[in-house]
Each structure stands twice: as structure tokens, then as C-alpha cells.
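Written below as C-alpha cells is the structure these notes are about.
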Amino acid sequence: MASLIPSLLVGLSLSAAAEPTEAAPAESADDVAARPRGRGSRIALGIGSGVGFAAGAAWYFVLGDTYGAGDPASLMVGGGMIGAGGVLAGAAVAGLAGDDALVDAVSSPAIAAGLGYNGGAWAGEAIPYSPKLSLSPAVPLGDWGQLGLSSSASTDLGASLDLDPRPQAGTEPVLEASGRSVDLSAELQVYATRHVWFALRPMTQVRVEQFQYADGQSQTLHRRATMPATAGAWFNVSDRQRFGMYVGPRWDRIRTGDGEGSTWLGPLYGEAHYDLQLDHGRLLWGESHSRVRLSYLHTNFDGAGFNAGAMVGFAGPFRVEWDLSIRKPDARWAWQAGLDADIGEGGGAAMSIGLTPPNAWRKR
């Protein structure tokens, strides 16, 4: 299933691909010389990803968790899978839809509204939908970088309902839960070369969850994760594809109700992403492009994780995102629609619609 969903999204994008109605601006000799060589870059990334995956797997199965394999080994395995999977998908996309430069690449919308689906309910249980609002403006810093700010807020529409499935319990309600969340981050990107750049992204994630138990008691739980120095690096695999990773320490804080909380060093935080850009020519009211992003998120802060055999609770979820952008000719802003899904235990899906200003390839 994990490999089927990315294939479906890539196939959906490729089925809409067409030659653009207007020719792209002609490139100079210097531009052509500076373009990344997609095939060679994909081979190098594929080898590096395979080595990372093998090293992480060996750490798990040979050395064991005695040497603290959990966090770093999981990130190496997850990042290796994204790199290798992205290389395979990227080679197929390049062969079918081309690998030349795009005039207007897809990035994160500056403003977006979405609705989250948290899974289907069973046997009379209830799982609420979760609307979400996101703001992600970016400020260019000349030719050497840019500063991006991001904030999002989400809340449950009602409460989830869990039942006691035991025959003697008569499927009585045992727990109602609802929650809301706020995420804040700022990302400084510094361009090392035309195709490589580094990033520093401090982040804070806040969750407030309310629980109502069958015996009439209730509890409010406040959770906060702070990642003050998450560092990352990106490089263009080709003109339409790129790979990036982030890693950094995380501090967790939990308190109940109005009580005193405690703070401790939490699990290592990490991300790995592979982006594929596609050109669909004219669609509906304007020129259209889409981005498929394959990701591994080394965090189970929201309960989602990828478990395999006896490895339970170590790895975070895999995520697949598809963003479609349509811009009218000569329009400054583009409409953008998105679909994403977390693949793993406790994962969900979401859809969104937003607006995107003119963007640079390096923008998130």
C-alpha cells in the first residue's frame, strides 16, 4: 500500500501532462551549462540513499538498540527509502514527461484552508473532521537567500467516540476526545550555489487535548514540542526534481489541566523529502503545474507512525502530497489545490485550497 499511493499520484499527474501552450524563454549558454545533470545526480543520490538505508538497517538488526539505534537508524532507513524511491519515480517521470526547466514551479501556498480526514469510524464509534488554516509568507533576501514564516491552526469538529468492544460491555462509550493544534516555524534559507542551499528552521508545535471518560471524569492535556535548531540541506537533482533532509534536537513538555508541567529532551526530529515537478500545459482557466512530494517524517508527536514487525514506535509516518497550481496568464497569484496522506498507523488524509504568489524554485 505504501508504494501504491505514490505511484497513483505520479500516474495521475503524468496523465494530465501536456506540452505548454507557450514556449518557455530561451536559455543562454551559461544557463544550459549550469543546469544539473539529472541522470548522474539521480545515480549518485540512489547510491547514497542505498548506503544510508543499509547502514540504518544494519544498526537495527546487527548492533541492536543497545547502542541507541532507535532515532538515528530510523531516520537513516526512512531517508534512504525516500531518496531511493524518489530516484526511481524521478527517472520514470523524466523519461515520460521530460526533465527540462519549468517557468513556474509549484511551492507551498502563502494562504490555504484545508480539511483533515482522520480515518473511518467502526461499530458506532465517531471520528471528527479537522479544518485547518495555514499562512506561509516568504521574504526574499536578495540573491543569497530567503526567510519563510509559517503558521497553522487546526481544531476538531466535535469529539471522537471510542466504544468498549468486549461482549460483556455491550459496546458502551468509554472515551470522548477532542483537540486543537497550533504550529509555528521560521525558515532561513541560504543559497550555497545555484543548485544547493542550506536551511535553519526553528519550530514549535502545540497540542491541547480534552478527554471525557465513562465514569464522568475529564482531563485536559497540554503538549508542546520545541525544535529550536532544525538544520537542513536541499539540492536540485535536476531542473524538475530535488531532495532535502532536516534534522535537529527536540524538547517535549507535557502538563495536565492547570498543573505543573515537565520538560525533557525528546526524540530526534527529522524529515526527508523528494519533490517532482510536472507541467500540464493549459488546464481550465490557465497554465497548470503540479508537485508530487514524497516524505518521511521522523516524529510521532501526533500519534502516526510506521510499524514493521517488532519495530513498533520507532519510525514516524511516510507522507505523500500532490499540489496542483493553476495561474491565469499575466496573473500575479495562482490557485492551488492539494491532497496529502500519512501512511502509517494512526495516519490520516487532508485536502486544501489556497493562493500562491510568484515563487522561486527554492521556496518550500
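Taking the conditions exactly as written (under 17 Å from the mean Cα position of the chain (by Cα), among the charged types (D, E, K, R) and either more than 24 Å from GLN336 (Cα to Cα) or buried (at least 22 other Cβ atoms within 10 Å of the Cβ) (or both)), does ASP275 satisfy them or not? Yes; evaluated as a whole, the condition is true for this residue. The listed residues are ARG242, ARG223, ARG207, and the only one of them that is assigned to a strand (DSSP E or B) and under 16 Å from the mean Cα position of the chain (by Cα) turns out to be ARG242. For ILE82, the conditions (1) in contact with a His (Cβ under 9 Å, 6 or more places away or on another chain); (2) within 21 Å of GLY354 (Cα to Cα) are fulfilled apart from (2). The set of residues in the stretch 254-272 that are among the acidic types (Asp, Glu) and loosely packed, with under 14 Cβ neighbours inside 10 Å comprises ASP258, GLU260.
Pick from the stretch 146-162 the residues that are assigned to a strand (DSSP E or B) and more than 30 Å from ARG194 (Cα to Cα): which of them is modelled with the lowest pLDDT? Steps first, answer last, please.
In the first step, residues of the stretch 146-162 are kept if they are assigned to a strand (DSSP E or B); the result is 146-155, 160-162.
Filter again for more than 30 Å from ARG194 (Cα to Cα), leaving 152-155, 160-162.
On the way: SER152: 96, ALA153: 97, SER154: 96, THR155: 95, SER160: 87, LEU161: 87, ASP162: 83.
Taking the candidates together, the pick is ASP162.
Tell me, which helices (runs of 4 or more DSSP H) lie completely within the stretch 8-126 with 3 or more residues that are touching a helix residue (DSSP H, G or I) at 6+ places or on another chain (Cβ under 8 Å) and modelled with pLDDT of 85 or more? Even if it seems obvious, please write down each step before you answer.
On the way: elements: 29-34, 38-58, 70-97.
The helices (runs of 4 or more DSSP H) meeting that bar are 38-58, 70-97.
Restricting attention to the stretch 163-195, the residues being of a type in the set (Val, Ile, Thr) and not in a loop (DSSP other than H, G, I, E, B) number 3. Considering (1) crowded, with 20+ Cβ neighbours inside 10 Å; (2) without any contact (Cβ under 8 Å) to a residue 40 or more places away in the chain, the lone condition that GLY40 does not fulfil carries the number (1).
Note on the stretch 257-324: enclosed strands (runs of 3 or more DSSP E) holding 3 or more residues that are closer than 30 Å to LEU96 by Cα are 269-283, 286-298.
Listed by first and then second residue, the pairs with beta-carbon distance under 7 Å, at least 6 apart or on different chains, first residue in the stretch 285-305 and within 25 Å of ALA177 (Cβ to Cβ) and of a type in the set (A, V, I, L, M), second modelled with pLDDT of 90 or more and part of a strand (DSSP E or B), are LEU297/GLU271; LEU297/ARG319; ALA304/ASP342.
Could you check the stretch 325-348 and list, in sequence order, the residues that are surrounded by fewer than 16 Cβ atoms within 10 Å (Cβ to Cβ) and not in a loop (DSSP other than H, G, I, E, B)?
Selection gives GLU345 alone.
Return a yes/no flag: does the stretch 206-224 have any residue that is of a type in the set (Asp, Glu), in contact with a Leu (Cβ under 7 Å, 6 or more places away or on another chain) and surrounded by fewer than 18 Cβ atoms within 10 Å (Cβ to Cβ). Can you show your working first?
Keep residues of the stretch 206-224 that are of a type in the set (Asp, Glu), which gives 209, 215.
Going one step further and asking which of them are in contact with a Leu (Cβ under 7 Å, 6 or more places away or on another chain), we end up with 209.
From the residues that got through so far, the ones that are surrounded by fewer than 18 Cβ atoms within 10 Å (Cβ to Cβ) too are 209.
There is at least one residue in the stretch 206-224 that is of a type in the set (Asp, Glu), in contact with a Leu (Cβ under 7 Å, 6 or more places away or on another chain) and surrounded by fewer than 18 Cβ atoms within 10 Å (Cβ to Cβ).
The values are calculated or read from the model by the stated rules, or taken from the named source; none is laboratory data. Note that this is a predicted model, so its numbers are computed, not measured. Note that we place each Cβ from the backbone using ideal geometry, even for glycine, and neighbour counts take in every protein chain shown.
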